[in-house]
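A quick write-up on the structure given underneath.
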Amino acid sequence: DVKVTQSSRYLVKRTGEKVFLECVQDMDHENMFWYRQDPGLGLRLIYFSYDVKMKEKGDIPEGYSVSREKKERFSLILESASTNQTSMYLCASRQALNTEAFFGQGTRLTVV
Amino acid sequence: GESVGLHLPTLSVQEGDNSIINCAYSNSASDYFIWYKQESGKGPQFIIDIRSNMDKRQGQRVTVLLNKTVKHLSLQIAATQPGDSAVYFCAENSGGSNYKLTFGKGTLLTVNP
């Protein structure tokens, strides 16, 4: 069974902390994505990566960075967490164009 | 449909009825579309997809219709069951070599027993 695994289901962090959200996929997919999900706003793309060490900004990259050192792992970094980054974060991977994306179970991050 | 402010469009149906969930997409160059189901506390799950060279595709109890003229996508669920209660999202791939999927804001489906 295909799997996208996010390292934490729930996280609580303090304002100003550096936060790492980790995502691992076991499908040997080229493309990985980080979305955030907020009520009434749907899923918004933060960053995506189409190959190891390659990344592209999505629609809302401000305040975030990413790292893809290995094909199976894609990390989202909040350099200095702020309360407006409280959200549900979803990682996804997909192999190619015109194929589905597989999602992890989500990380609910609360910044206090 | 589109959401206004923080309010998610909702659809409430009786168990056993058919459900139709609609989605308007934005990019006329989009060539691939997916419907996802998201249950509370879980990540989105794939339901069905359709390419732009088709106007209809059927799965088990689900049918997706694509109308490129008006940029409209719909998901029909036959004999809706309580387990179908979830938020449903459409997603579009904008074509070319762009791997990005753009999601709609979602519709909440509630199935009453």
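The values are calculated or read from the model by the stated rules, or taken from the named source; none is laboratory data. Here the structure is a predicted model, which means the values were calculated and not measured. We place every Cβ from the backbone using ideal geometry, glycine too, and count neighbours over all the protein chains shown. We work out accessible area using only protein heavy atoms, side chains counted, and drop any ligands, DNA or RNA first. Shrake-Rupley method; radii C 1.70, N 1.55, O 1.52, S 1.80 Å.
Odds and ends about this structure:
- Net charge dipole size for the protein assembly as shown [Lys, Arg +1 and Asp, Glu -1 on Cβ; Debye, nearest 20]: 300
- Mean separation of Cα contacts under 8 Å, 6 or more apart, over the residue count of chain A: relative contact order %: 36
- Protein accessible area in chain A, 1.4 Å probe - carbon and sulfur %: 50
- Label-point separation in nm, residue A:30 to residue B:78, each point 7 Å along Cα→Cβ: 3.7
- For the pair B and A, total buried accessible area rounded to nearest 100 Å², probe 1.4 Å: 2000
- A Cβ-based charge dipole, computed about the Cα centre of chain A with Lys and Arg at +1 and Asp and Glu at -1, lands at about 320 debye.
- Residues in chain B average 50 Å² of solvent-accessible surface per residue, probe 1.4 Å, ligands and nucleic acids excluded.
- Annotation: aspartates and glutamates with alpha-carbon distance below 19 angstrom to residue B:37 (same-chain offsets under eight excluded): A:1, A:38, A:100, B:2, B:15, B:17, B:49, B:84, B:92.
- Magnitude of the charge dipole, chain B, Cβ model with Lys/Arg +1 and Asp/Glu -1, debye to 20: 260
- Result for chain A in a Gaussian network model with C-alpha springs under 10 Å: among A:31, A:84, A:98, the largest mean-square fluctuation is at A:98.
- Ranking B:101, B:78, B:58 by Cα position along the charge dipole of the protein assembly as shown, where only Lys, Arg, Asp and Glu carry charges on their C-beta atoms, puts B:101 farthest toward the positive end.
- Modelled FRET efficiency - R0 25 Å, residue A:73 with residue A:17, Cβ distances, 0.05 increments: 0.70
- Extension gain, residue A:57 to residue A:96, is 12.2 nm, computed as 0.36 nm per intervening residue step minus the present C-alpha separation.
- Toward the positive end of the charge dipole of chain A, with +1 on the Cβ of Lys and Arg and -1 on the Cβ of Asp and Glu, the farthest Cα among A:31, A:75, A:96 is that of A:75.
- Threshold 20 Å² - residues in the stretch A:30-69 whose accessible area is reduced by that much or more when the chain is no longer isolated, probe 1.4 Å: A:31, A:33, A:35, A:37, A:39, A:40, A:41, A:42, A:43, A:45, A:48, A:59
- For chain A, a Gaussian network of Cα nodes joined below 10 Å ranks A:89, A:35, A:64 by mean-square fluctuation, and the top entry is A:64.
- For residue A:11, net neighbour charge (Lys/Arg +1, Asp/Glu -1) across residues whose Cβ lies under 14 Å away: +4
- At least 30 Å² of accessible area lost relative to the chain alone, listed for the stretch A:86-108 with a 1.4 Å probe: A:94, A:97, A:98, A:100, A:101, A:103
- Reachable aspartates and glutamates from residue A:70, criterion Cα separation under 15 angstrom, eight or more residues apart if same chain: A:22, A:26, A:28, A:30, A:51
- Rg and Dmax, both from the Cα atoms of the stretch A:2-59 and both in Å, are 13.1, 35.
- The fraction of accessible area contributed by carbon and sulfur in the stretch B:28-113 is 46 percent, rounded to a whole number (1.4 Å probe; ligands and nucleic acids excluded).
- What chain A shows is 47 Å² of accessible area per residue, with the surface traced by a 1.4 Å probe over protein heavy atoms.
- For the pair residue B:17 and residue B:55, a Förster radius of 25 Å applied to the C-beta separation gives a FRET efficiency near 0.55, rounded to the nearest 0.05.
- Multiplying the residue separation of residue B:26 and residue B:10 by 0.36 nm and subtracting their alpha-carbon distance yields 3.7 nm.
- Cross-link partners of residue B:56 among lysines (Cα-Cα below 17 Å; sequence separation of 8 or more within a chain): B:68, B:71
- Residue B:108 versus residue B:71: modelled label distance in nm, points set 7 Å from Cα along the beta carbon direction: 2.7
- Cα gyration tensor shape of the stretch B:36-112, rounded if a/c is under 1.5, else prolate or oblate by comparing a/b with b/c: oblate
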